[in-house]
Amino acid sequence: ILRGISNPNIWFEKTGSTHFKEIEKTGANVVRIVWQSSGSPSDLDKAISNCIDLKMIPMIELHDATGDWSKLQKCINYWVREDVVDVILKHESYLLVNIANEVGDANVTGSTFRNDYINAITSMRNVGIRVPLIIDATDWGKNINILQSQGPAIIEADPEHNIMFSVHMWWPKMYGYTEQSIINEIQESVKMGLPFMVGEFSQMHGECNDNFINDNNSIAYKTVIRECQENEVGYIAWSWFGNCNPLWDMSTSGTFESLYDWGLEVAVTDENSIKNTSVRPYSIV
């Protein structure tokens with residue numbers, strides 16, 4: 001069961017050599033490696049290797065198409081490049097590939113989501129990529145309903161039947177979500193047998209210059225990790241550090257010692273924290 005943290009490799013230290021060592025101290029079993037198609041395969045190879053060396057599962061994702069459905073193909077074009085495929089095949093024993101971060105706004109239809117992702121999966125499988133592929137929800141990752149409605153057909157269309165889905169729970173009250181929404185939607189997804197994770201969440205949602213947390217913009221992150229633990233669902237927090245708004249940072253400087261507030265709770269101190277619930281797989285240990 002995935003328990004981990006997103007790390008902004010592409011914008012800071014691409015190979016993660018320093019920050020992965022700090023994340024490892026939390027006991028995380030996965031790092032979601034933030035990447036873009038501008039990143040070199042050699043740097044990606046080093047980042048994946050550094051993660052595996054620390055006994056954590058590397059889950060790489062492309063950030064090029066956030067909120068923009070028209071850019072999904074740009075991500076696919078990167079994954080099927082021969083030099084990128086070589087990196088994926090080199091590490092396929094341990095690797096997860098999150099095809100693209102939060103592609104599409106709230107206007108993407110179910111049929112478009114299903115058909116375009118089936119085409120994407122087909123392209124990737126045709127070049128020999130067999131690893132588990134993770135697909136984010138639309139509406140900047142928030143729309144769990146489209147995963148529930150279209151997920152089974154997408155899995156069925158994959159010759160490997162090796163697909164997982166990811167909802168990003170940027171779910172504050174100002175968008176119409178409640179704490180009960182978290183409970184209900186996780187339980188509904190589990191009941192239908194959907195292989196999914198909470199691929200992003202934080203303590204609040206808003207803009208880069210929002211320097212306060214209130215009832216409207218706060219996210220019930222303790223409920224997220226509790227429900228994930230009770231229902232055997234993976235979770236990955238956003239993010240280690242480096243955000244335009246420090247309220248989304250788990251640590252102030254990218255070190256384990258600088259974990260604070262919600263980040264310290266999610267990583268270490270809460271009963272459902274990474275430290276208290278993460279198990280590293282036998283295959284990687």
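The Rg/Rh ratio of the chain, with both radii computed over alpha carbons and Rh defined as the Kirkwood radius, is 0.93. Out of all DSSP beta bridges with both ends in the chain, state the antiparallel percent to the nearest 5. Roughly 10 percent of the DSSP beta bridges within the chain come out antiparallel. Lysine pair count for the chain with Cα-Cα distance under 17 Å and sequence separation of 8 or more or different chains is 13.
With protein chains left intact and a 1.4 Å probe, residues in the chain average 40 Å² of accessible area per residue.
For the pair residue 73 and residue 244 in one chain, pulling the backbone fully straight at 0.36 nm per residue adds 58.8 nm over the alpha carbon distance. Between residue 269 and residue 149, the simple spin-label model (points 7 angstrom out along Cα→Cβ) gives 4.2 nm.
A full extension of the chain between residue 255 and residue 173 corresponds to an added length of 26.4 nm, given 0.36 nm per residue minus the alpha carbon distance. Charges were assigned to the Cβ only: +1 to each Lys and Arg, -1 to each Asp and Glu. The resulting dipole of the chain about its Cα centre is roughly 500 debye. Would you tally the net charge around residue 250, using a Cβ to Cβ cut-off of less than 10 Å, leaving residue 250 out, and scoring K and R as +1, D and E as -1? That works out to -3. Ordering 36, 159, 240 by the projection of their Cα atoms onto the charge dipole of the chain, which places +1 on the Cβ of Lys and Arg and -1 on the Cβ of Asp and Glu, puts 159 at the extreme positive end.
Taking every DSSP beta bridge that has both ends in the stretch 1-159, the antiparallel portion is near 5%.
How much length would be gained if the chain were fully extended between residue 90 and residue 209, taking 0.36 nm per residue of separation minus their Cα-Cα distance, in nm to one decimal?
Details: separation 119, 0.36 × 119 = 42.84 nm, distance 4.15 nm.
Once the chain is fully extended between residue 90 and residue 209, it gains 38.7 nm.
Here the stretch 1-92 is described by how far its Cα atoms reach on the three principal axes: 38, 28, 27 Å, from widest to narrowest.
Just to confirm a number: summing +1 for Lys and Arg and -1 for Asp and Glu over residues other than residue 100 whose beta-carbon lies under 9 angstrom from that of residue 100, what do you get? Please report the intermediate quantities before stating the final value.
On the way: positive: 71, 74; negative: 61, 64, 102, 136.
Counting the neighbours of residue 100, the net charge comes to -2.
The values are calculated or read from the model by the stated rules, or taken from the named source; none is laboratory data. Since this is a predicted model, take the numbers as computed values, not measurements. With ideal geometry, Cβ positions are generated from the backbone for all residues, glycine too; neighbour counts draw on all protein chains shown. With ligands, DNA and RNA removed, areas are computed over all heavy atoms of the protein, side chains included. Shrake-Rupley method; radii C 1.70, N 1.55, O 1.52, S 1.80 Å.
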